[in-house]
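Working notes, structure below.
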Amino acid sequence: NLLNEAMLCALRNNREIITKNDLEFILNRIYAGWQTKENKYSDDIIERIVIHEMGHAIVGFLSRDHSKLTKIVLNLWSPKSPGYTIFENSDEDSNIYTKNGLFTHLMVLLSGRIAEEVFYGYSVTTGARQDLEQAFSLAKNMILNYGMGKQNIYPDMSDHSKYLIDQEVNKLLMMANDHARIIILDAKALIIDTSNILKSEKLLKPESIVEMIDRKYPEIWNKYDIKSRYLE
């Protein structure tokens with residue numbers, strides 16, 4: 001089905017050979033949906049969408065305990081997801097996760113909103129709604145179901161028990177927020193440069209981020225020891 005749709009895409013563009021770009025285009029449609037008209041966002045909103053996604057991407061990219069970055073996409077033909085970031089999904093340990101891995105994912109979930117705050121102050125968009133819902137749900141599971149807080153809590157439905165749970169969840173979220181903010185501030189110039197590529201090309205792969213760091217920000221490799229992951 002993928003190749004068939006890619007073939008039709010090529011034919012619509014008066015070509016007889018399927019290219020990698022055709023496959024990428026169809027995959028993006030499958031992943032994020034498609035509508036016949038492009039969303040008419042203002043330039044300002046598009047900038048914010050791009051910064052939001054680069055926040056997710058760069059925090060995940062620079063975090064060793066997170067799954068590897070695959071690509072970032074700006075797809076204004078999507079009805080609900082004009083920008084999205086994809087990380088590898090490893091099936092090997094899909095039922096067992098480490099605390100570090102889950103905490104890093106919390107950071108990534110929060111980092112889109114944090115990037116908006118860093119670049120635009122508190123004039124943020126509504127784009128983080130689903131991210132925040134997922135982050136709260138994950139933090140609650142880490143505390144309540146996985147015993148990953150500073151103390152084990154055995155809920156008994158009392159007000160005191162609910163208070164302890166809320167306190168632990170809030171501490172975990174604030175800690176993830178602070179760690180992600182540090183990374184975004186460290187990589188602010190990198191985010192600006194890579195955002196320009198994403199806005200222009202509509203697609204950004206990790207190889208482009210590696211190249212950008214090599215060329216302009218080699219100090220990042222010294223602080224975040226993750227380069228070898230993307231050279232494997």
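The values are calculated or read from the model by the stated rules, or taken from the named source; none is laboratory data. Remember, predicted model here, so these are calculated numbers, not experimental data. Cβ sites come from the backbone with ideal geometry, for glycine too, and all protein chains shown count toward neighbours. With ligands, DNA and RNA removed, areas are computed over all heavy atoms of the protein, side chains included. Shrake-Rupley method; radii C 1.70, N 1.55, O 1.52, S 1.80 Å.
For this structure, a couple of remarks:
- Rounded tilt (10° steps) of 129-144 against the dominant C-alpha axis of the chain: 40
- Among Glu117, Glu88, Glu16, the residue with the largest mean-square fluctuation in a Gaussian network model of the chain, with springs joining Cα atoms closer than 10 Å, is Glu16.
- Under the combined filter of DSSP loop state and at most 14 neighbouring Cβ atoms within 10 Å, segment 2-52 retains these trypsin sites (Lys or Arg not before Pro): Arg15, Lys37, Lys40.
- Value at 222 nm in deg cm²/dmol, rounded to 500, when DSSP H runs of n ≥ 4 in the chain each add -39,500 (n - 2.57): -19500 deg cm²/dmol
- Compared with the dominant principal axis of the Cα atoms in the chain, helix 20-32 is inclined by about 40°.
- For the chain, with +1 on Lys and Arg beta carbons and -1 on Asp and Glu, the positive-most of Tyr163, Leu23, Tyr41 along the dipole: Tyr41
- Taken over the Cα atoms of segment 191-232, the convex hull encloses 66 Å³ per residue.
- Highest-fluctuation residue, Leu11, Leu27, Leu102 considered, GNM on the chain with Cα pairs under 10 Å: Leu11
- Two-site FRET efficiency, Tyr224 against Asn21, from Cβ-Cβ distance with R₀ of 25 Å, rounded to 0.05: 0.20
- Within straight-line reach of Lys150, meaning a Cα separation under 16 Å, sit the following aspartates and glutamates at least 8 residues removed in sequence or on another chain: Asp166, Glu168.
- Exceeding the 20 Å Cα-Cα cut-off - candidates Lys68/Lys99; Lys99/Lys140; Lys37/Lys202; Lys80/Lys202; Lys37/Lys71: Lys37/Lys71
- Dividing the mean sequence gap of close Cα pairs (under 8 Å, 6+ apart) by how many residues segment 87-190 holds gives a relative contact order of 33 percent.
- Pairs of Cα atoms nearer than 8 Å and 6+ residues apart set the relative contact order; for the chain it is 22 percent.
- Computing Cα Rg over 2.2 N^0.38 Å directly from the structure and comparing it against (i) 1.13; (ii) 1.29; (iii) 1.02 singles out (i).
- Our analysis of segment 96-172 gives Rg over Rh at 1.05, with the two radii drawn from alpha carbon positions and Rh computed by the Kirkwood formula.
- Mean projected area of the convex hull spanned by the Cα atoms of segment 157-219, taken over all viewing directions: 6.4 nm².
- Solvent-accessible area, 1.4 Å probe, carbon plus sulfur percent, for segment 14-95: 49
- Crossing angle, helix 159-186 versus the chain [Cα axis fit, 0-90 degrees, rounded to tens]: 40
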